[in-house]
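The values are calculated or read from the model by the stated rules, or taken from the named source; none is laboratory data. Note that the structure is a prediction, hence the values are computed from the model and not measured. Note that each Cβ is placed from the backbone with ideal geometry, even for glycine, and that neighbours are counted across all protein chains shown.
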């Protein structure tokens, strides 16, 4: 498209002008090319720009600036899709305040594929991580693309679950698509690029800024028909995504949580107010219209209080447990249990219980958490 290069130029101004201002300029001038070629007087009279915004726009209104951006994109194997491009996600183009375009590293899944967002708190419990994985993996196995924000906690586990299910996943960033944030997700990011893509409306080299993340969230929900909240507290930033999803007319699902856990207070409130409870991936297929009935077996509850998803190695290890090891293992679930509580439950001597817990850890069957608490692994 002839206007694509000018839309790219306009997108690079996003960090300084903001999405609403860019959309306002497009509305006033018709095309990005018209903004690029407009006289200074025309920009001043029709652009409704602050002095700083006017300075930013005019200073960078040249082809050398665009070519520098293209060089960086080429070095990162990054492509740009304006919202006028035929491959730009249709759902995303229809939201209020849509992005001018997106920068993409990897392969954007086809527009026709069903996409589901799984989001939640960065500071989450093992239950929240489990819920994200338990939903993402089978959904990916059924061809559903999992969308999230690659943040610590629930987001990262949603991507990992999709990858375990040999499916596609999309990470939407609040920085340039070439920036790995948080830095510890460098290997996860590489896997996402190989099995989906990393996208952002922000130009390459743009570092993450706190103010960018609420805007990023509207893209996560905007790409999807269904948004799942795996775990969130009352004041979680995840609830911003829910507000945006509701405004966009998306279906919001939430995983029920422990009523005594502050980190589930947000999801439980959502179920009381706007969200549909989800306890199994088939609930999501039902919401997408891909299944004619809901599953009523409550697998999340079975997972927490039952065996969970076990590897063959773990299954064999459980079968070979000694009686006292089995007693300790059966006393644990995916809700953290303190060592003192475990002592009362098993009635084993403290020294013996310490030894058994260490043995079960080495076998990969349980995990020790801070504060001398234990859960199944």
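Residue count for region 49-98 satisfying the condition of being in contact with a strand residue (DSSP E or B) (Cβ under 9 Å, 6 or more places away or on another chain) and farther than 13 Å from residue 204 by Cβ: 10. Just one of the listed residues (53, 132, 140) is touching a residue at least 24 places away in the same chain (Cβ under 8 Å) and within 30 Å of residue 337 (Cα to Cα), namely 132.
The residues in region 146-163 that are surrounded by fewer than 20 Cβ atoms within 10 Å (Cβ to Cβ) and touching a strand residue (DSSP E or B) at 6+ places or on another chain (Cβ under 7 Å) can be counted, and the count is 0.
Only one entry in 241, 282 is in contact with a helix residue (DSSP H, G or I) (Cβ under 9 Å, 6 or more places away or on another chain), more than 30 Å from residue 73 (Cα to Cα) and in a helix (DSSP H, G or I), namely 282. Entry remark, region 183-213: residues being without any contact (Cβ under 8 Å) to a residue 24 or more places away in the chain and under 27 Å from residue 17 (Cβ atoms) number 2 in total. For region 334-366, a residue qualifies if it is touching a residue at least 40 places away in the same chain (Cβ under 8 Å), surrounded by 14 or more Cβ atoms within 10 Å (Cβ to Cβ) and over 13 Å from residue 125 (Cα atoms), and the qualifying residues are 363, 365. Quick one: residue 126 ticks every box in (1) touching a strand residue (DSSP E or B) at 6+ places or on another chain (Cβ under 6 Å); (2) surrounded by fewer than 23 Cβ atoms within 10 Å (Cβ to Cβ); (3) modelled with pLDDT of 95 or more except a single one, so which number is it? Only one criterion is unmet by residue 126, namely (3). Based on this model, can you work out whether residue 118 counts as in contact with a helix residue (DSSP H, G or I) (Cβ under 8 Å, 6 or more places away or on another chain), touching a residue at least 24 places away in the same chain (Cβ under 8 Å) and outside any loop (DSSP other than H, G, I, E, B)? Taking the combined requirement at face value, the residue satisfies it.
Restricting attention to region 135-145 and to residues that are assigned to a helix (DSSP H, G or I) and within 15 Å of the chain's Cα centre (by Cα), the residue that is surrounded by the fewest Cβ atoms within 10 Å (Cβ to Cβ) turns out to be 137.
Evaluation of residue 180 against the conditions (1) within 16 Å of the chain's Cα centre (by Cα); (2) under 27 Å from residue 18 (Cα atoms); (3) touching a residue at least 24 places away in the same chain (Cβ under 8 Å) shows that the sole unmet condition is (3).
Flag not set for residue 88, criterion: over 32 Å from the mean Cα position of the chain (by Cα) and surrounded by fewer than 21 Cβ atoms within 10 Å (Cβ to Cβ).
Put simply, of 258, 217 the only residue that is assigned to a loop (DSSP other than H, G, I, E, B) and within 23 Å of residue 284 (Cβ to Cβ) is 258. Scanning region 355-376 for residues that are assigned to a loop (DSSP other than H, G, I, E, B) and out of contact with any helix residue (DSSP H, G or I) (no Cβ under 8 Å at 6 or more places or on another chain) returns 370, 371.
Restricted to region 1-60, the set of helices (runs of 4 or more DSSP H) holding at least 1 residues that are under 21 Å from residue 215 (Cβ atoms) and assigned by TED's automatic domain parsing to the domain that holds residue 200 is empty. Given the structure, is residue 166 under 18 Å from residue 106 (Cβ atoms), surrounded by fewer than 23 Cβ atoms within 10 Å (Cβ to Cβ) and not assigned by TED's automatic domain parsing to the domain that holds residue 71? So residue 166 passes the test. Among the residues of this structure, residue 249 does not count as one that is under 13 Å from the mean Cα position of the chain (by Cα) and farther than 29 Å from residue 68 by Cα.
Examine region 233-256 for a residue that is assigned by TED's automatic domain parsing to the domain that holds residue 133 and at positive phi, and state whether such a residue exists. Yes, region 233-256 has at least one match.
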